[in-house]
Amino acid sequence: MRTASFPRPGRLAGAALGLAADRLLGEPPARLHPVAAFGSAMARFEALAYRDSRAAGVLHAATGVALGAGAAPRVSIRNHPFLAEAPATAVAAYAAAAGRSLADTALSIGTRLEQGRLVEAAEALPALVGRDPTGMDEKEMARAVVESVAENTVDAVVAPVLWAALAGPAGAFGYRAVNTMDSMVGHKNPRYLHYGWASARLDDVANLVPARLTVALVAAVRPGSARDVWRVVRRDASRHPSPNAGPAEAAFAAALGLQLGGTNRYGDRTEVRGPLGHGRTPEPADIARAVRLSQDVGLLLTGLLLAAALVSATARTRP
């Protein structure tokens with residue numbers, strides 16, 4: 001039986017274990033986190049290589065991917081035909097995923113909003129959301145958090161684990177490098193309009209399949225809303241400026257019975273986004289519902305990867 005095109009069982013199992021470890025343990029301490037070290041290294045590289053040109057940005061993106069993928073762990077189980085890559089992939093997927101941190105941060109802001117501590121919620125918002133919290137009321141902050149949970153379910157849960165399953169430790173670390181560079185230089189401002197172009201486009205490509213997989217997982221974990229999820233995604237996702245955040249946010253909006261989108265302010269820049277979904281405006285209590293949906297997506301993905309690992313291992317034992 002030909003199995004070369006099917007992901008290796010060690011990668012699949014390791015990706016699932018890494019996601020489970022993130023759910024149970026949360027992220028490593030900042031001083032030990034490889035993403036923090038990568039961010040510092042790329043900030044130093046930018047200080048040396050920055051030019052207001054796309055060519056310099058391409059060099060920045062290529063250097064970052066090479067650095068990230070090259071730093072991937074290489075520990076393995078020797079002489080095991082199926083699980084040799086599982087330990088390294090598990091470590092890489094655990095380091096690349098951030099679902100637990102996403103949930104904890106969102107719930108912390110949600111608790112402050114529900115308790116009427118709006119000033120504290122606004123102060124905490126930048127840890128999760130890139131928009132300016134000045135003057136936002138509780139419903140605007142609730143919408144911002146729900147949208148961020150939806151978008152980051154792709155970035156922090158589905159994408160790093162999918163890349164780990166497909167390409168092993170280098171895939172997980174390479175993806176996290178791409179996503180980190182996008183957050184650092186992929187901004188539509190005068191400094192990064194040209195220099196950050198390559199990093200932003202690379203992040204779009206890296207998340208193209210994970211974002212669509214996220215939609216399918218949302219529909220699967222909320223079967224009662226599945227038809228509406230697909231309908232809203234097809235109708236509304238293109239209203240979002242991001243080709244990948246749009247499908248994820250539209251799926252969450254439909255599954256939660258909410259309407260997302262609206263006016264967002266990013267410093268001196270304002271974006272007016274079309275509506276996603278046809279429900280009510282998000283409220284603080286909806287943040288916990290969005291987090292549960294994101295966690296359910298992660299649980300289903302973990303189970304699917306473990307099942308796929310078993311199928312792959314079984315297929316490789318057949319003559």
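The values are calculated or read from the model by the stated rules, or taken from the named source; none is laboratory data. Since we're looking at a predicted model, the values are computed, not measured. FYI the Cβ positions are ideal-geometry reconstructions off the backbone, even for glycines, and counts take in every protein chain you see.
Tell me which of these S183 doesn't satisfy, since it passes every other one: (1) surrounded by fewer than 18 Cβ atoms within 10 Å (Cβ to Cβ); (2) touching a Pro at 6+ places or on another chain (Cβ under 7 Å); (3) within 20 Å of G99 (Cβ to Cβ).
Status for S183: all satisfied but (2).
For segment 41-53, what are the residues that are in contact (Cβ under 8 Å) with a residue 40 or more places away in the chain and either over 14 Å from M181 (Cβ atoms) or loosely packed, with under 15 Cβ neighbours inside 10 Å (or both)?
Listed by number, the residues that qualify are A43, R51, D52, S53.
Sort out which residues of segment 244-257 are in contact with a helix residue (DSSP H, G or I) (Cβ under 6 Å, 6 or more places away or on another chain) and not in a helix (DSSP H, G or I), and write them in order of number.
Passing the criteria: only N244.
With respect to A159, is the statement that it is in contact with a helix residue (DSSP H, G or I) (Cβ under 6 Å, 6 or more places away or on another chain), at pLDDT 95 or above and part of a helix (DSSP H, G or I) true?
Yes.
For residues that are surrounded by fewer than 13 Cβ atoms within 10 Å (Cβ to Cβ) and among the β-branched types (V, I, T), tally how many sit in segment 111-131.
Residues meeting the conditions: 1.
Six or more apart or on different chains, Cβ under 7 Å: which pairs go from a residue in segment 22-38 that's of a type in the set (D, E, K, R) to one that's part of a helix (DSSP H, G or I)? Could you list them?
D22/Y94; D22/G99; D22/R100; R23/G99; R23/R100; R23/G298; E27/R100; E27/S101
For segment 10-33, state whether one or more residues are closer than 23 Å to A170 by Cβ and over 24 Å from the mean Cα position of the chain (by Cα).
no
Sort out which residues of segment 14-62 are outside any helix (DSSP H, G or I) and either among the aromatic types (F, W, Y) or modelled with pLDDT of 95 or more (or both), and write them in order of number. Reasoning before the result, please.
Of all residues in segment 14-62, those outside any helix (DSSP H, G or I) come to 26-29, 33, 50-53.
Y50, R51, D52, S53, listed by residue number.
Only one residue in N189, N179 is among the polar types (S, T, N, Q) and either in a loop (DSSP other than H, G, I, E, B) or in contact with a His (Cβ under 6 Å, 6 or more places away or on another chain) (or both), so which one is that?
Residue meeting the stated conditions: N189.
Quick one: would you say G10 is in a helix (DSSP H, G or I), under 26 Å from T302 (Cα atoms) and at pLDDT below 95?
yes
Being touching a residue at least 40 places away in the same chain (Cβ under 8 Å), surrounded by 18 or more Cβ atoms within 10 Å (Cβ to Cβ) and within 30 Å of P87 (Cβ to Cβ) narrows it down to one residue among G196, G168; which is it?
Criteria check complete, one pass: G168.
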